[in-house]
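The values are calculated or read from the model by the stated rules, or taken from the named source; none is laboratory data. Everything quoted here is computed from the prediction, not taken from an experiment. Cβ placement follows ideal geometry from the backbone for every residue including glycine, while neighbour counts extend to all protein chains displayed. Surface accessibility is based on the protein's heavy atoms, side chains included, excluding ligands, DNA and RNA. Shrake-Rupley method; radii C 1.70, N 1.55, O 1.52, S 1.80 Å.
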Amino acid sequence: MDEAPLDVASARASENAKTMDEAPLDVVIVGAGISGLLMLRRLKTLGFAAKVLDAAADIGGTWQQNRYPGCRCDVESRDYQYGDAALAAEWSWSERYPSQPEILRYLHFVSDKYALRSDVVLNARVVAATYDDATWTVAVADDKTYRARFLVMATGCLSVPKKRDGVLAEVEQHFAGEVLETTDWPADGEARCSGKRVGVVGTGSSGVQCIPEIAKLASHLAVFQRTPAYCAPALNRPLTSEEIADHKAHAAERFEEAKATAFGLIVPHPGTTSALDVDAEERGAVYERCWNEGLLVSALTAYTDIIVNADANDTIADFSRMKIHSIVRDPETAADLTPTYAIGTKRMCLDTNYYDTFNLDHVRLVNLRRTPIRRFVDTGVELAVPVSDDVERKEDHAAAVSTTPATPRKEEDEAIERVDLDVIVLATGFDAMTGALLGVDVQGKDGRTLREVWKDGPVTYLGLTVAGFPNLFTITGPLSPSVLSNMTRSIEQHVDWIAACLDHMRANRLATIDAKPQAQEEWVAHAAAVANMTLFSKNDSWYVGANVPGKPRTVMPYIGGLLAYKAACDKVAEAGYDTFSFTSA
């Protein structure tokens, strides 16, 4: 099904707002992406009165928001869909890894099939949510309010772009050309880059995906990189008719099998031994097989200790570094593209011709550790270039071994190089995990705000609830597996748990539910203990909030895996939710 044009979607949203039901609802859901739509469908099936509020002009969540060239999911299409075999039989994916437009069409298909649109209010940016007397009052930016017994935040883990900091905050003030953002890509963005001198700032997942595509359009491309990413080839391709038929025929069993795994994904060759217990030749053969499988989890699961033992991690990291140098012809560029941190502790990327792009004559890599952006000017950027090799080596060494910035260079130690550009593309990432939740002024019992409670980092019970905020649920919230799993399986597990909990409360005439503080403290401590057993806690990444200046450093996703996590959630439900406090209706 084709997407609704933007003006049609906006008109539909305006009409929804005009005719909204002022009566209290059972549930308000914030976010009309994969999780919000599934939550709405499940609640409607159970007979709850619910509405979804979303700031965007149409449904789709992150897949509505991110439309940059090359945008696609890094989970295979047969796995990145709702775990409903009957629904899967009605939809045919065209590629191994689904593109943004195809995922968005899928969500429109699901929304229309289950008549979800009538309960979705668009262009409704939620700015505040206040709890009082067993009711949540939810305020949107146009001064409308919605009241409900329950509030479900389905706002996504990667939905709020990080605020521009440092020199990036001044780009539009000084640069006379066009500034585009991957998180707000215009419909004619590709045309604006065509035949132009383009600079891309950022080499995380969005940068890795859009850089090869922009290189096809630009007359010159400069890539500004602070930290290189580990990438492996996606080996994306069109699916054959036989594969499509096979995926549909075996969808039910695949969905069930995936639920019983740590990542919510079936791993073709899970390791059973330490990487250090086999010789280099055997390891090399295993890693070569992983490289040629085109799967994100293959490398990290090839042996049992890759993510917990630094020496074991080095074996696969060194293999990946070797691959970079084998692809990129220029030795200095290859070195600049080579990460030095533990593989897997920052988001790994599946790529399509990313490293090969740097072999093109019109593409240049700028290592911002060595030549930082000094300032933006009307014609592009000015780089601070060290005037001596000694200064350069000191800068690179400091950047590689320290988590704090190197000592600023004196002006006499550097020269200025100007890079002329027509277009600057910002692919600078997200305020992950907490950005969307803290972007709303959420007030719980006694007027305490979520911002106050999370000032030292997010605390939750099971990533589903927060003590002191009754009747509030967070889908794939902090301290749940979320971004370290197949999000569709994690979303389904949370939606199922929340729906069952609300059904339990209705059946037992219970008015409110609130996590017991001790249960929350124990979960937070457990999640931290598990994280501290791994290399995640020892490296800077957006997993720990390191990409946002001033954000508390803590490992935000639960590292213990989806299978163990689901068991913990099921145990709570089977025990009658005894780690929660309830009040009667």
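How do GLU417, GLU574, GLU76 rank by accessible surface area computed with a 1.4 Å probe, from largest to smallest?
GLU574, GLU417, GLU76
If you average 1/r over all unlike Cα pairs in the chain and invert the result, what Kirkwood radius do you get in angstrom?
25.2
Relative contact order of the chain, please, whole-number percent, based on alpha carbon pairs below 8 angstrom and at least 6 residues apart.
18
What are the ³J(HN,Hα) couplings of the range 564-578, residue after residue, when phi is run through the Karplus curve with 6.51, -1.76, 1.60 and θ = phi - 60°? Round to Hz, x for glycine and proline.
5, 5, 4, 4, 5, 5, 5, 4, 4, 5, 5, 8, x, 6, 6
If one takes the longest principal axis of the Cα atoms in the chain, at what angle in degrees, from 0 to 90 and to the nearest 10, does the Cα axis of helix 310-327 lie?
With both axes taken from Cα atoms, the answer is about 60 degrees.
Enter the accessible area per residue of the range 220-296 (Å², integer; probe 1.4 Å; all protein chains in place).
With all protein chains present, the range 220-296 gives 50 Å² per residue.
Full extension from HIS504 to ASP26: what is 0.36 nm times the residue separation minus their Cα-Cα distance, to one decimal in nm?
Full extension of this stretch gives 170.7 nm more.
Run the quick spin-label model on ASP246 and GLU332: label points 7 Å from Cα toward the beta carbon, then report their separation in nm to one decimal.
Distance between the two pseudo-spin positions: 4.8 nm.
Provide the FRET efficiency to the nearest 0.05 for the THR304-GLU256 pair, computing r from the beta carbons and using R0 = 35 Å.
With a Förster radius of 35 Å, E is 0.90.
Percent relative contact order of the range 156-297, based on C-alpha pairs within less than 8 angstrom and at least six residues apart?
That works out to 18 percent.
For ARG375, enumerate residues with amide H under 5 Å from its amide H, sequence gap 5+ or separate chain, H modeled in the peptide plane.
GLU382
How large is ³J(HN,Hα) for each residue in the range 189-198, as worked out from phi by the Karplus curve 6.51 cos²θ - 1.76 cosθ + 1.60 (θ = phi - 60°), to whole Hz, x for Gly and Pro?
Karplus-based 3J(HN,Hα) across the range 189-198 equals x, 4, 4, 5, 8, 5, x, 9, 8, 10 Hz.
What number, in percent, do you get for the relative contact order of the range 272-373 if the mean sequence gap of Cα pairs under 8 Å and at least 6 apart is divided by its residue count?
With pairs under 8 Å counted, the relative contact order is 24 percent.
Using a probe of 1.4 angstrom, how much of the accessible area of the chain is carbon and sulfur, in percent?
50
³J(HN,Hα) across the range 523-531 via Karplus (A = 6.51, B = -1.76, C = 1.60, θ = phi - 60°), whole Hz, x for Gly/Pro?
5, 4, 5, 4, 4, 5, 5, 5, 4
Zone of ALA134 (label point 7 Å along Cα→Cβ, backbone N under 18 Å): which residues in the range 487-525?
501-515
About the Cα centre of the chain, what is the dipole size in debye to 20, counting +1 per Lys and Arg Cβ and -1 per Asp and Glu Cβ, all else neutral?
Taking the Cα centre of the chain as origin, the dipole is about 1060 debye.
Please list HIS250, HIS494 in order of solvent-accessible area, largest first, computed with a 1.4 Å probe with all protein chains present. Can you show the working numbers first?
Numbers: HIS250 80, HIS494 5 Å².
The residues order as HIS250, HIS494, largest area first.
Please work out the average accessible area per residue across the range 536-585, using the 1.4 Å probe convention, and give it in Å².
I get 46 Å² per residue for the range 536-585.
So who's got an amide H within less than 5 Å of the one on VAL121, skipping anything under 5 residues away but keeping other chains? H placed 1.01 Å off N, in plane.
Answer set, sorted by chain and number: VAL52, LEU53, ASP54.
Given labels modelled 7 Å from the Cα in the Cβ direction, how far is it in nm from ASP420 to SER584?
Distance between label points: 8.0 nm.
How would you classify the range 81-176 from its alpha-carbon gyration tensor, with a ≥ b ≥ c the square roots of the eigenvalues: rounded for a/c under 1.5, else prolate if a/b is greater than b/c, otherwise oblate?
In terms of gyration-tensor shape, oblate.
Name the residues whose placed amide hydrogens come within less than 5 Å of the amide hydrogen of LEU365, ignoring near sequence neighbours (fewer than 5 apart) on the same chain.
The list, which skips near neighbours in sequence, is VAL223.
What number, rounded to the nearest 500 deg cm²/dmol, is the helix-based mean residue ellipticity at 222 nm of the chain, given -39500 (n - 2.57) per DSSP H run of at least four residues and division by all its residues?
Rounded to the nearest 500, the figure is -10000 deg cm²/dmol.
Sort MET533, MET348 by heavy-atom solvent-accessible area, probe 1.4 angstrom, most to least.
Ranking MET533, MET348 by accessible area, largest first, yields MET533, MET348.
May I ask you to give the solvent-accessible area per residue for the range 427-509, in square angstrom, as obtained with a 1.4 angstrom probe?
That works out to 29 Å² for each residue.
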